[in-house]
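The values are calculated or read from the model by the stated rules, or taken from the named source; none is laboratory data. Bear in mind the structure is a predicted one, so any value in this text is a computation, not a measurement. Every residue, glycine as well, gets a Cβ built from its backbone with ideal geometry; the counts of neighbours run over all protein chains shown.
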Amino acid sequence: MRLADVDLAAVSGTSALHRAAPRAKLAAVACVIAAVVVTTDARAVAGLAVVLLALAAQQRLGLRPLVLSALYPAFFAVVFAWAAGAGWVFGALIVGKAVVAALAVVMLARTTPYPQVIAPLQRVLPAAVADAFLFTYRSFFLLAEKASRLARAVRLRAGVHLERPVAAVRLSGRMLGGLLIYSMDLAQRDYDVMRLRGYERRLAVAPLPSRSRATDVALLAGAFALLALTVAWRFLA
Amino acid sequence: MTHLHVPDGVLPVWLWVAGWIIAAGLVGFAARAARGRERARRIPLVGVVSALVLVAMSIEVVPIAYHVNLTVIAGVLLGPWLGIISAFVVATILALLGHGGVTVIGLNTVLFAAEVVLGWALFGVLARILGKRRAAWAGGGATVVTLAATTGLLVAIVALAGTPDAMGETAAISLGRFATVVFTLGPIGWALEAAVTAVVLGFVSRVRPDLVFRHAAPRHAAPPGDEGLGH
């Protein structure tokens, strides 16, 4: 899981998609997901995938990380399709849907800073839940760094060896235990710091204004068109 | 975590909509329960535990690419209500990373929340029966039972989805085969998760029992002025 890479891509990119309003991108992703839900034809799903990949290539978002991100759910989709006894056609449809949906959300995640993805959702989420999303975002990088240092310390001292699985599990468990204790103290410090800064149970993220209205309009129009075509394919073809 | 690795558009619409409705109810109820000042100070803890779960999922326990999920540990640390909020946060973030569908966030929240709440309850019961010194055994036992139960819930969800009309004639899902695969491979994951949970809870219960047993005194008294540290 490369949350750090995704976050870096989201805040440092300069493509038109990066400049589009987060709400427009969320709406566009919703249209693509709706198209994925509606379609029952693997060819339509393949078409959606081609459109998304073409957009990603045109925007220079980096096809390799996108494709790798989409392969992960594809693997599980293959396992599910096999385990569920789906035939080749249905199996291809399942895998295709996994890939397209993953491409859409990962493109959103790689072009929109995480707090800006949460900002529109704050209006509908309870304060505790919305704040939990933001505290999770803040804590993830601190814990990932701590986990990386712990893992390095373990490797320098003894390492985790497959030929001693019991010792490996015990060592990994103690490492996680140490990380857990660190995270508990981190949570307390987080709260104390936020209280000092005036935190009163609601962290508000100001939504970024759009930096390219033309991109917003084009994005929404394209997403609606994809959805309309998919619906037409499903019910008229 | 028993995660519904089913992409968008595979399950019937009514099923994942029902998942969202149930998840919304659970999360809304949990958020109301977290409104008081004392609860509110634990929201950063929800964030930290959710982040810990996400970090743990990116760490290999042994070099066979298996990752732990820490759902039972999350339940023990957070309790049921905050655990439900954590379940929703983790399910949503995983979906944003392409790990699981967006439409099935509701169902994944229900599965994850079931693990957290059941794990919390079973650990409490087993810890009372076995004693605090055997927190490791209580954690391991709670994990195995919890994951077995939620795997059953996962199969039940897939059973509900196995209607031929969802996608047309090709939509039939072989429930028997799916259940056979899941319950054959599942125990391997349960055992590994239970082993890691047992080691983690055993370690933490010795070093910081106040984190695992809510009313236990910290092993070492906090220096004056630092009494707020530790829960």
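Every residue, every condition in (1) touching a strand residue (DSSP E or B) at 6+ places or on another chain (Cβ under 7 Å); (2) modelled with pLDDT of 85 or more; (3) not charged (D, E, K, R), yes or no:
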residue	(1), (2), (3)
A:18	no, yes, yes
A:29	no, yes, yes
A:47	no, yes, yes
A:52	no, yes, yes
A:57	no, yes, yes
A:60	no, yes, no
A:71	no, no, yes
A:85	no, no, yes
Seminar exercise, completed: Cβ pairs under 9 Å, 6+ apart or interchain, first in region A:40-59 and in contact (Cβ under 8 Å) with a residue 60 or more places away in the chain, second surrounded by fewer than 19 Cβ atoms within 10 Å (Cβ to Cβ) and among the β-branched types (Val, Ile, Thr), ordered by first then second residue, are A:40/B:170; A:44/A:38
Exercise. Do we have any residue at all in region A:124-131 that's farther than 25 Å from residue B:4 by Cβ and under 23 Å from the mean Cα position of the chain (by Cα)?
Worked result: yes
For this session: Go through the residues of region A:137-149 one by one and say whether even a single one is in a loop (DSSP other than H, G, I, E, B), in contact (Cβ under 8 Å) with a residue 12 or more places away in the chain and either acidic (Asp, Glu) or more than 8 Å from chain B (Cβ to nearest Cβ) (or both).
Result: no
Exercise. In region B:94-136, how many residues are farther than 13 Å from residue B:74 by Cα and within 14 Å of chain A (Cβ to nearest Cβ)?
Worked result: 18
Seminar exercise, completed: Here the residues within region A:1-23 that are of a type outside the set (Ser, Thr, Tyr), without any contact (Cβ under 8 Å) to a residue 24 or more places away in the chain and not in a helix (DSSP H, G or I) are A:1
Seminar exercise, completed: Only one of B:10, B:55, B:46 is part of a helix (DSSP H, G or I), at pLDDT below 90 and of a type outside the set (Asp, Glu), namely B:55
Problem set entry | Looking only at region A:172-227, and only at residues there that are assigned to a loop (DSSP other than H, G, I, E, B) and among the charged types (D, E, K, R), the one that is modelled with the lowest pLDDT | A:201
Problem set entry | Candidate set from region A:29-87 (those that are among the polar types (S, T, N, Q) and assigned to a helix (DSSP H, G or I)); member that is farthest from the other protein chains (Cβ to nearest Cβ) | A:58
